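To keep things clear, I will list the structure first and then write my remarks on it.
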Amino acid sequence: MKSPLLTLPGAVPAEGVDEGVAAHYGDLFREQRALADGTGFVDLSHRGVVTVSGPERLAWLHLLLTQHVSDLPPHRATEALILSANGHIEHALYLVDDGETVWAHVEPGTQEALIAYLESMKFFYRVEVADRTADIAVVHLPAGSIAEVPEGTAVRETPYGRDLFLPRGDLESYAEKAGPAAGILAHEALRVERHRPRLGFETDHRTIPHELGWIGSAVHLQKGCYRGQETVARVQNLGKPPRRLVFLHLDGSEVHLPVAGTELRVADDGPEGRKIGFVTTSVRHYELGPVALALVKRNVPVDARLLAGDTAAAQETVVEP
């Protein structure tokens, strides 16, 4: 869906998965600083919005999600995954219950497949699943923001800020009060700085939660059965994941960032060495310079210097080997 905020001064449309909102509004680093200082907002109105209502909504979701939500208190934010039968990540949900309805936002374009799966699992439970993307827009306020939240708005309060579920028709009027606007690139730069994975960016068709550090934040290890639990338990108790998430400091003298999918090699092996991983997200950060998240094989030494294509990279451990 195309955001009306693309008409704001300086707005440059985002491309790819984030098409429909602004990549930036003319000054990427200023926008990052504003968010880091707790001012402004990010238009996330391209994200899918799904609601689950009904008296058995939490008990039912508890059976399907990786997170413990059967006793989720009203207004407490959490995140959860849906896995395949083999334990691979299929969906990531960022949710909150307002006492009557569970509100969740998901990656753009994934809501239809998610709803299809949820509908197939309803059976006799008293729940109603709805796609609210057409009438609800997600807006992110950074941590420390004092921007007003309209009364009656569902809100996810997290350490990184607040996600608001606003009526889509109120988006423009709210933007006038909550500015300055920051684009999705600024939001992504701070996400990478915080080592937070994103579905479709840090994941591929075989990613399991352990590889990205989602155990604990999105996966509860004592919650009981759900699809894919056997893989989670086996890796947790008997083994190690085959890959691990790392944070990369990239050579700042390079003009171009290594794009997602760029192959990683150990620098000592040279550019013709064995592939040991790949870049998942790369950004320019207002303080750290060019940085990235990447997936590498578990046995890569944590102090090894790497090459991302032909760009030198130093790694920081996110997930322990």
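Every read-out reported here was derived from the displayed coordinates using simple, explicitly stated rules and does not represent laboratory data. Here the structure is a predicted model, which is why all the values come from computation and not from measurement. Every residue, glycine as well, gets a Cβ built from its backbone with ideal geometry; the counts of neighbours run over all protein chains shown.
Descriptive notes on the structure:
- Loop GluC sites (Glu not before Pro), the range 90-197 (other Cβ atoms within 10 Å of the site Cβ: 16 or fewer; DSSP): Glu100, Glu148, Glu151
- For the range 1-42, applying the loop criterion from DSSP together with a ceiling of 14 other beta carbons within 10 Å to the GluC sites (Glu not before Pro) yields Glu15.
- Rounded FRET efficiency, nearest 0.05, which uses the C-beta distance separating Asn237 from Asp303 and R0 of 30 Å: 0.60
- Put simply, the convex hull of the Cα atoms in the range 256-321 casts, on average, a shadow of 4.3 nm².
- Centroid-to-centroid separation of the range 14-65 and the range 96-128 [C-alpha atoms, Å]: 17 Å
- With eigenvalues of the C-alpha gyration tensor scaled by 5 and rooted, the range 193-258, Å: 30, 11, 11
- Candidate membrane-span-like segments in the chain, meaning DSSP H helices with Cα atoms spread over at least 18 Å of their own axis and a Kyte-Doolittle mean of 1.6 or above, do not occur, with no membrane implied either way.
- Sorted largest first, the principal axis extents computed over the alpha-carbon atoms of the range 110-165 equal 43, 22, 22 Å.
- Total formal charge among the other residues, if their Cβ is under 11 angstrom from that of Arg76, Lys/Arg +1 and Asp/Glu -1: -3
- Ellipsoid semi-axes for the range 60-205, based on the Cα gyration tensor and the rule √(5λ), read 26, 19, 14 Å when sorted largest first.
- Evaluated at q = 0.13, 0.14, 0.19 Å⁻¹: base-10 log I(q)/I(0), Debye formula over Cα of the range 189-321: -0.54, -0.62, -1.03
- The lysines whose alpha-carbon is closer than 28 Å to the alpha-carbon of Lys223, local same-chain residues fewer than 8 away aside, are Lys122, Lys240.
- Across the range 160-238, the fraction of Cα-Cα pairs farther apart than 17 Å, rounded to a whole number, is 63%.
- Expected-Rg normalisation [2.2 N^0.38 Å, Cα atoms] applied to the range 67-110: 1.24
- FRET efficiency, 1/(1 + (r/R0)^6) with R0 25 Å, evaluated for Asp204 and His256 via beta carbons: 0.60
- Using the empirical formula 2.2 N^0.38 Å as the baseline, the Cα radius of gyration of the range 17-133 reaches a ratio of 1.21.
- Normalised by residue count, the chain yields a Cα convex hull volume of 128 Å³ per residue.
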